[in-house]
Structure formats: C-alpha cells, structure tokens
1. Relative contact order for the chain: what percent, with Cα pairs under 8 Å and sequence separation of 6 or more?
2. Report the one residue of H130, Y87, G151 whose Cα lies farthest in the direction of the positive end of the charge dipole of the chain (charges on C-beta: Lys and Arg +1, Asp and Glu -1; origin at the Cα centre).
3. Answer rounded, prolate or oblate for the stretch 68-146, using the Cα gyration tensor with square roots of eigenvalues a ≥ b ≥ c: rounded when a/c is under 1.5, else prolate when a/b is larger than b/c, else oblate.
4. Leaving out ligands, DNA and RNA, what percent of the accessible area of the stretch 93-154 is carbon and sulfur, probe 1.4 Å?
5. Select from the chain the helices, each a whole stretch of DSSP H, whose alpha-carbon atoms run 18 Å or more along the helix axis and whose Kyte-Doolittle mean is at least -0.5; answer none if there are none.
6. Per DSSP helix of 4 or more residues, -39500 (n - 2.57); summed, then divided by the residues of the chain. What does that give at 222 nm, rounded to the nearest 500?
7. Going by the alpha-carbon gyration tensor, a ≥ b ≥ c the square roots of its eigenvalues, is the stretch 142-192 rounded (a/c under 1.5) or, if a/c is not under 1.5, prolate (a/b greater than b/c) versus oblate?
8. Find the accessible area per residue for the chain; the probe is 1.4 Å, ligands and nucleic acids are left out, and the unit is Å².
Amino acid sequence: MVKLNKIYTKTGDDGTTGLVAGPRRLKHDLRVESYGTVDETNSAIGVARLHMADMPALDAMLMRIQNDLFDLGADLSTPETDEPPAYEPLRIIDHQVERLERHIDALNVDLEPLRSFVLPAGGPASAHLHLARTIARRAERLMVALSRSKGERVSPAALKYINRLSDFLFVAARHANDRGRADVLWVPGKNR
C-alpha cells in the first residue's frame, strides 16, 4: 500500500521528477506528459461524477475506471526495460480492457441510434464526460508518441485501455444525456 507522509519533497524544484524506477526525467518528458494527461483524464471523470446522483450504475463504472487510471499511471511511470525487475510492476492487463468493452456494450444497448455527430453538450454529466473523453484522446496521442520513441516502451494493453476508455466515455456521455434522447446533434452548415 502507498503511504505518503510528506507532500512536498523539493526534489522537483529543478524541473525533474522521479519515475517509480529509473533515472529522473524532465517534467515535460513525453512519459511524464503521458501519465500526467492520464491523471488529468481521471480528474475530469471525478468532476463528471459529481453529477451522477441519479445514475448509480454509471457512477460505479466510473469509480472503477478512476482506480484503473491510477493503475495506468503506475504502468506508465514504471518504464519497461530489458533488465528483470526487482519487483512485479503494476501493469494494465487485458481483463481491464475487456471490462471496459462490457461496460460499453451494456450502456450502448438502450441508446438512441446516432443520426449525426454529437456535440459535446447536453446536461452537466454529459458535458463533463465529453471533456474527459477529449482529454483521454490527448493521453492516447501522447502514449502512442511515447511508444514510437526510441528506447521507450508502452504495453499493448495500456494502449488498448486508453483507446477503449475514450469510446466508453463517448457512450457514457450519451447515456447520461437521457440515453441519447437529449444529445445535441451537429447540423452541418447550420450557421452559414
């Protein structure tokens, strides 16, 4: 279990941060940007959950996802190397991706069919879930860039998870909008 007694350490005052294992990295390093943006996604989900009083099943899904996002942050902050680790690092696993897929399928069953693109609007829960979705997409772009960088690795399960998460958040936003009935649809050229 993680135990934090002191919040400030002053070790980051030089613009670097420590990963779980390995050398310190600059705070704008692509790996740090990746797990920082995962954390930002998690925070946006937390705000969305403030508007879930009448949606306990969706709120429970989001609570599990928030925990998964800490797992993803731990995964990203522990770079894989060719050296055998001194301990078993926490990694995203396929089961977590599969659970997201089951959640997507469960929420999608009752949704109104899409007739146009959905604007990121509607009720407060939906709007915040759309914001979380766009942040998750940015996290995914950063993670893909990291995975393509020389000497860096990102597990396939972690990449699948973040990709599936944005799909989940889209479906969840529609679900929160009265199962799609309150979606605000894009009308191409409406304001010309």
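1. Averaging sequence separation for qualifying contacts and normalising by length gives 27 percent for the chain.
2. Value: H130.
3. Details: a/c = 3.03, a/b = 2.06, b/c = 1.47.
Judged from the Cα gyration tensor, the stretch 68-146 comes out prolate (a/c at least 1.5, a/b above b/c).
4. Working: 1980 of 3560 Å².
Percent of accessible area from carbon and sulfur atoms in the stretch 93-154: 56.
5. 30-49, 56-76, 124-147, 156-176
6. Details: 5 runs with 101 residues, N = 192.
The helix-only estimate for the chain comes to -18000 deg cm²/dmol at 222 nm.
7. Numbers: a/c = 6.85, a/b = 2.02, b/c = 3.39.
Taking the square roots of the gyration eigenvalues as a ≥ b ≥ c, the stretch 142-192 is oblate.
8. Accessible area per residue: 59 Å².
The values are calculated or read from the model by the stated rules, or taken from the named source; none is laboratory data. Just so it is clear, the structure is predicted and the values come from calculations on it, not from any experiment. Because the Cβ atoms are built from the backbone with ideal geometry, glycine has one as well, and the counts that use them run over all protein chains shown. All accessible areas refer to the heavy atoms of the entire protein, side chains included, with ligands and DNA or RNA removed. Shrake-Rupley method; radii C 1.70, N 1.55, O 1.52, S 1.80 Å.
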